[in-house]
Amino acid sequence: MHLIRSRANAVLNQRGRCLESSLYGPIDKIINSQLPPDYMVKPQGLIRDSPPEDDADDNDDNDDNDNVGNITTDSYGTVDGDSTKSYPDFIICQFSAERDEDIIKAIIEVKPPGYVKKAVTETLFYMDKAGGREDVIGIAISGNDIRILDLDSSVTAGYTTRPSPRSLISKAFIDLIYGLTMP
């Protein structure tokens, strides 16, 4: 873990502009080091909108997806007709040989230092695309600025923030990732 922390620090403290893609490797390594075998990180994981309700395969005159050959199901169990596709930087999910669908636990969006608002906005967008489930957390990362987001329909903003770790290499961030695997 010391080597991973050193690398993350080097990227975050480099002279000039820190590119978000420079953070992908250290973030992926940190996250994967904390997950048990039945969890995985999907870099640039695909999230699809579900087709509208009237686009079901029911051979009526109100839909475009009656051709079964044009319909697929992704690893989250979402039917793909003419759906819109989105690719957050990382998706943490739980999987099982007994279950067809992966269960999304967290969506992570990464931006360079100084782009916190953009990271939060995009994370919330992807959380909504993933079904707007309140059991999926969002992790918006802008350099060492980390925001933990929970969807909450009972508040005006539609989401709340948790106390956030100080940095990618902090014990609090490691504990947050590990905590995703707890029931």
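Any idea how many residues of segment 153-169 are of a type in the set (Ser, Thr, Tyr) and touching a helix residue (DSSP H, G or I) at 6+ places or on another chain (Cβ under 9 Å)?
Summing the residues that are of a type in the set (Ser, Thr, Tyr) and touching a helix residue (DSSP H, G or I) at 6+ places or on another chain (Cβ under 9 Å) in segment 153-169 gives 4.
Condition first: part of a loop (DSSP other than H, G, I, E, B) and more than 12 Å from the chain's Cα centre (by Cα). Now tell me which residues in segment 134-154 satisfy that.
Scanning segment 134-154 gives GLU134, ASP135, GLY143, ASN144, ASP152, SER153, SER154.
The rows are residues; the columns are (1) touching a residue at least 24 places away in the same chain (Cβ under 8 Å); (2) closer than 18 Å to GLU20 by Cβ; (3) assigned to a helix (DSSP H, G or I).
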{"position": "THR123", "(1), (2), (3)": "yes, yes, yes"}
{"position": "MET127", "(1), (2), (3)": "yes, no, yes"}
{"position": "GLY132", "(1), (2), (3)": "no, no, no"}
{"position": "THR156", "(1), (2), (3)": "no, no, no"}
{"position": "ILE174", "(1), (2), (3)": "yes, no, yes"}
{"position": "TYR178", "(1), (2), (3)": "yes, no, yes"}
{"position": "PRO183", "(1), (2), (3)": "no, no, no"}
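Could you go through segment 143-151 and let me know if any residue there is surrounded by fewer than 13 Cβ atoms within 10 Å (Cβ to Cβ) and assigned by TED's automatic domain parsing to the domain that holds TYR24.
Looking through segment 143-151, none of the residues is surrounded by fewer than 13 Cβ atoms within 10 Å (Cβ to Cβ) and assigned by TED's automatic domain parsing to the domain that holds TYR24.
The values are calculated or read from the model by the stated rules, or taken from the named source; none is laboratory data. These numbers come from a predicted model, not from an experiment. So basically every Cβ, Gly included, is an ideal-geometry build from the backbone, and we count neighbours across all protein chains shown.
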